[in-house]
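Working notes, structure below.
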Amino acid sequence: MHGQSRLSFGSVASSPPSSPPSSPRLRHGRSRKIVCNGTSNNINNPKNNKKILNFTERLVYFIVSAVFKRRGFLLFAPLLYVSGMLMYMGSLSLEGASGIGIRSRRVDQISPPGSRYRSPEVFKNLWPFMELDSNHPNTSNALMRTWHPKLNQSWKPCTNRSTSLTGFSEVLGSNGFLIIEANGGLNQQRISICDAVAVAGLLNATLVIPMFHLNSVWRDSSKFGDIFDEEFFIYAFRNNVKIIKELPEDILERFDHNISNIVNLRVKAWSSPKYYLQKVLPKLFELRAVRIAPFSNRLAHAVPSNIQDLRCLANYEALRFSRPIRLLAESMVDRMVKNSSISGGKYISVHLRFEEDMVAFSCCTYDGGDEEKREMDIARERSWRGKFKKHGRIIRPGLIRMDGKCPLTPLEVGVMLRAMGFDNTTSVYVAAGKIYRAEKYMAPLRQMFPLLETKETLATELELAPFKGHSSRLAALDYTVCLHSEVFVTTQGGNFPHFLMGHRRYLYGGHAKTIKPDKRKLALLFDSPNIRWENFKRQMQEMLHHSDLKGSEVRKPSSSLYTFPMPDCMCKQVEARRADGNGTVVS
């Protein structure tokens with residue numbers, strides 16, 4: 001007799017709509033006579049100029065007449081506006097990245113605000129004012145006043161999950177064995193593990209400790225037990241989900257001791273609980289063991305609360321790092337606290353995504369000229385063979401920068417933090433891989449923040465030796481030091497900051513204590529070499545205040561609990577008035 005699943009039905013996740021085809025008007029409305037400088041070949045001919053002028057006057061007259069005489073024409077105004085903007089942007093100097101197989105073209109000498117990397121000029125202009133601020137007797141380090149106290153907004157981990165670690169009897173019965181393969185880097189693997197536990201609970205299946213796929217970018221051969229505490233993970237779920245290290249001998253014999261012979265079910269991303277119950281559970285009954293590989297993002301965000309509880313328990317309680325990682329990481333946190341004695345043991349951590357592969361993937365350009373272009377070409381081809389050379393792919397670095405999608409340089413991060421009020425006595429920990437041209441790009445950040453540390457400076461070579469060549473283990477060290485900082489700065493998105501923001505909310509009463517900069521605004525400000533220091537400071541302090549307000553966000557239905565643990569994994573604290581009337585007691 002089979003064990004019962006945790007759920008008998010669920011909602012079906014709706015698939016996103018396909019992208020609409022491009023408008024025929026836009027496809028056929030482009031002039032074939034436009035050349036590199038964005039003008040016609042016969043632009044210098046006075047007769048042609050006169051014809052163009054007459055045509056423009058007629059067009060304007062026609063539009064104005066239509067607006068006043070036929071009000072229905074106003075319905076077409078948004079289309080005209082978008083078409084005009086597309087034509088305008090297409091005529092600007094937002095040249096394609098020639099290093100990705102597309103010939104660079106300079107269309108016009110005028111670049112729109114925010115499209116250029118001019119941050120070194122801004123830094124040169126503002127540096128004397130930063131120095132004056134640091135030496136001013138009335139200036140206090142923003143570390144002491146970064147986050148405003150949130151009255152009546154405190155959250156805490158729900159007790160029904162934390163106490164489950166000291167529960168009662170083991171889970172009995174199983175519908176079969178679930179084998180999954182986690183792919184990607186440290187935190188993408190973490191998603192797979194947490195979701196696998198939730199699916200195993202939903203199907204009442206026995207979960208085999210997840211296998212890790214050797215990723216072509218991360219190139220880390222670590223197994224589950226090298227990164228996470230395997231014994232603790234199994235123990236933590238003893239009352240909820242049956243977890244084993246290896247398949248039993250009788251099951252292995254059925255598949256000739258070869259896991260590859262176990263049927264691999266191709267599950268779509270963000271599949272609903274209903275899908276698993278209708279499609280996967282029958283196969284589990286039939287075969288006694290099923291495999292799902294890859295398993296990244298294979299479970300929908302919206303699931304019943306008892307299944308969501310398993311995700312919470314996995315991510316925030318059961319998944320702790322292996323003992324070697326924990327010991328070194330805790331020592332590194334202690335050293336950062338001691339180095340931050342001036343600020344009461346508080347320090348800033350920055351997730352700096354300015355590694356060579358990140359710069360290459362973004363297709364943004366900086367100030368390295370032809371040498372940078374050559375290096376980025378090589379990096380793209382090495383990691384994403386042919387991806388950026390596909391026919392018809394046009395990439396405009398200027399537009400990417402204006403859209404806030406370029407990785408912030410160390411210099412930009414430093415100027416932003418100094419303007420927010422963090423002075424040169426602030427201890428800063430930089431979490432990153434190998435920074436692109438580190439000697440050049442890290443120098444300004446060290447100039448602004450002399451008390452700067454990385455894992456290479458905070459730990460000895462001997463201490464780091466066992467972790468070398470294992471990017472996920474090194475990322476786990478960074479993760480821990482960032483987790484315990486007073487301020488965390490995210491610069492480029494991705495799983496690492498998203499998990500950290502959620503974990504910090506879980507630890508710090510529901511507030512992420514995270515600075516998430518507005519990179520579109522920064523692109524404009526860093527493209528203004530003559531900007532005044534007071535104006536720049538005001539803009540940065542508004543940005544800091546906005547991050548403070550957004551720090552306590554509650555999860556929306558389409559969002560992940562790995563970033564927003566409230567209210568799924570955390571409960572609102574209840575405030576009770578003291579009997580003597582002198583204050584409140586938080587319970």
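Each residue in the stretch 216-259 was checked for being surrounded by 19 or more Cβ atoms within 10 Å (Cβ to Cβ) and in a loop (DSSP other than H, G, I, E, B), and 9 of them qualify. Answer yes or no as to whether Ala360 is open to solvent by less than 10 Å² (accessible area, probe 1.4 Å), more than 21 Å from Pro517 (Cα to Cα), in contact with a Lys or Arg (Cβ under 7 Å, 6 or more places away or on another chain) and without any contact (Cβ under 8 Å) to a residue 60 or more places away in the chain. Judged against the criteria, Ala360 is a match. Restricting attention to the stretch 352-374, does a residue exist that is modelled with pLDDT of 95 or more, under 22 Å from Arg118 (Cβ atoms) and in contact with a strand residue (DSSP E or B) (Cβ under 6 Å, 6 or more places away or on another chain)? Scanning the stretch 352-374 turns up at least one residue that is modelled with pLDDT of 95 or more, under 22 Å from Arg118 (Cβ atoms) and in contact with a strand residue (DSSP E or B) (Cβ under 6 Å, 6 or more places away or on another chain). Considering each residue of the stretch 381-391 in turn, at least one proves to be open to solvent by 20 Å² or more (accessible area, probe 1.4 Å) and among the acidic types (Asp, Glu). Check every one of the helices (runs of 4 or more DSSP H) wholly within the stretch 260-342 and list those with 1 or more residues that are out of contact with any strand residue (DSSP E or B) (no Cβ under 6 Å at 6 or more places or on another chain) and more than 30 Å from Ser427 (Cα to Cα). Per the criteria, 281-287, 305-313.
Cβ separations smaller than 6 Å between residues 6+ apart or across chains give the following pairs from the stretch 464-490 residues that are under 18 Å from Thr563 (Cβ atoms) to residues that are of a type in the set (Lys, Arg): Thr490/Lys516. The condition (being of a type outside the set (Lys, Arg), within 20 Å of Leu500 (Cβ to Cβ) and out of contact with any strand residue (DSSP E or B) (no Cβ under 6 Å at 6 or more places or on another chain)) is satisfied by just one residue among Asp229, Asp195: Asp229. Taking the criterion of being more than 23 Å from Met402 (Cα to Cα), in contact with a helix residue (DSSP H, G or I) (Cβ under 7 Å, 6 or more places away or on another chain) and small (Gly, Ala, Ser), the residues of the stretch 470-527 that qualify are Ser472, Ala475, Ala476, Ala512. Within the set Asn160, Asn204, Asn183, Asn175, the sole residue that is modelled with pLDDT under 95, surrounded by 17 or more Cβ atoms within 10 Å (Cβ to Cβ) and either in contact with a strand residue (DSSP E or B) (Cβ under 8 Å, 6 or more places away or on another chain) or polar (S, T, N, Q) (or both) turns out to be Asn183.
Tell me whether the stretch 537-545 contains one or more residues that are open to solvent by less than 20 Å² (accessible area, probe 1.4 Å), part of a strand (DSSP E or B) and either of a type in the set (S, T, N, Q) or in the same structural domain as Leu477 (by the TED database) (or both). No; the residues of the stretch 537-545 include none that is open to solvent by less than 20 Å² (accessible area, probe 1.4 Å), part of a strand (DSSP E or B) and either of a type in the set (S, T, N, Q) or in the same structural domain as Leu477 (by the TED database) (or both).
Search the stretch 476-496 for residues being at pLDDT 95 or above and more than 24 Å from Ser343 (Cα to Cα), and hand back the single one that is most open to solvent (accessible area, probe 1.4 Å). Per the stated criteria, the residue is Phe496. When restricted to residues that are among the hydrophobic types (A, V, I, L, M, F, W, C), outside any helix (DSSP H, G or I) and more than 14 Å from His484 (Cα to Cα), the stretch 502-536 contains 3. Kindly list, by first and then second residue, each pair from a residue in the stretch 422-434 that is closer than 17 Å to Gly494 by Cα to a residue that is aliphatic (A, V, I, L, M) and in a strand (DSSP E or B), limited to pairs with Cβ atoms under 7 Å and residues at least 6 apart or on different chains. What qualifies is Val430/Val350; Val430/Leu452; Ala431/Val350.
You will find that of Pro282, Pro273, the residue that is within 16 Å of Val199 (Cβ to Cβ) and open to solvent by 50 Å² or more (accessible area, probe 1.4 Å) is Pro282 and no other. For the condition open to solvent by less than 20 Å² (accessible area, probe 1.4 Å), touching a Pro at 6+ places or on another chain (Cβ under 9 Å) and not polar (S, T, N, Q), Val303 does not qualify.
The values are calculated or read from the model by the stated rules, or taken from the named source; none is laboratory data. These numbers were taken from a predicted model, which means no experiment stands behind them. Methodologically, a virtual Cβ is constructed for each residue, glycine included, from the backbone with ideal geometry; neighbour enumeration extends over all protein chains shown. Note: areas computed on protein heavy atoms with side chains; ligands, DNA, RNA excluded. Shrake-Rupley method; radii C 1.70, N 1.55, O 1.52, S 1.80 Å.
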